[in-house]
Amino acid sequence: MLDHGFDSGAEVILDLPTYIDATESNYTRQVTDDSYRGAYDPRVLTHAHTLGIGIYDDRKVAIGAYNEHGRGKHIVMVVSTNDRIVEWGIDLYESYRDKSHPVSDIDLSLYESSLDR
């Protein structure tokens with residue numbers, strides 16, 4: 001991911017099904033790798049979610065609605081510069097961050113039986 005335009009200060013929060021899919025693919029495995037240089041910080045929510053947030057800066061936010069099981073498949077994406085929507089998106093992202101864990105703390109064997117694949 002860092003080789004594709006993300007700087008070393010990037011952070012990503014994946015839900016558990018998306019994280020597992022990313023670790024199993026040669027194309028996306030590096031998204032889950034916390035050994036990259038700098039402050040790249042991949043994190044994981046230990047449940048599936050259906051609403052994603054991308055924060056570009058304090059002026060622009062992307063809101064993605066996913067299929068019912070997550071896994072990174074968008075149904076709709078809205079990009080907005082409306083101050084109220086940006087503030088709401090940042091608050092939602094921060095709530096995800098508060099509930100997330102560094103990838104180094106995730107033991108996938110604890111979740112295998114509960115995943116809907």
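Each peptide among 94-106, 13-25 gets the average number of other Cβ atoms lying within 10 Å of its residues, and from highest to lowest they stand as 13-25, 94-106. Cβ-Cβ distance of Ser95 and Ala65, R₀ of 22 Å, FRET efficiency by 1/(1 + (r/R0)^6): the value works out to about 0.85.
Backbone geometry of the stretch 51-57 corresponds, through the Karplus equation with coefficients 6.51, -1.76 and 1.60 at θ = phi - 60°, to 3J(HN,Hα) couplings of 9, x, 10, x, 10, 8, 5 Hz, x marking Gly and Pro.
A short reminder: the numbers here are calculations on the coordinates, not readings from a lab. Source: prediction; values computed, not measured. Heads up, the Cβs are rebuilt from the backbone with ideal geometry, glycines too, and the neighbour counts pull from every protein chain shown.
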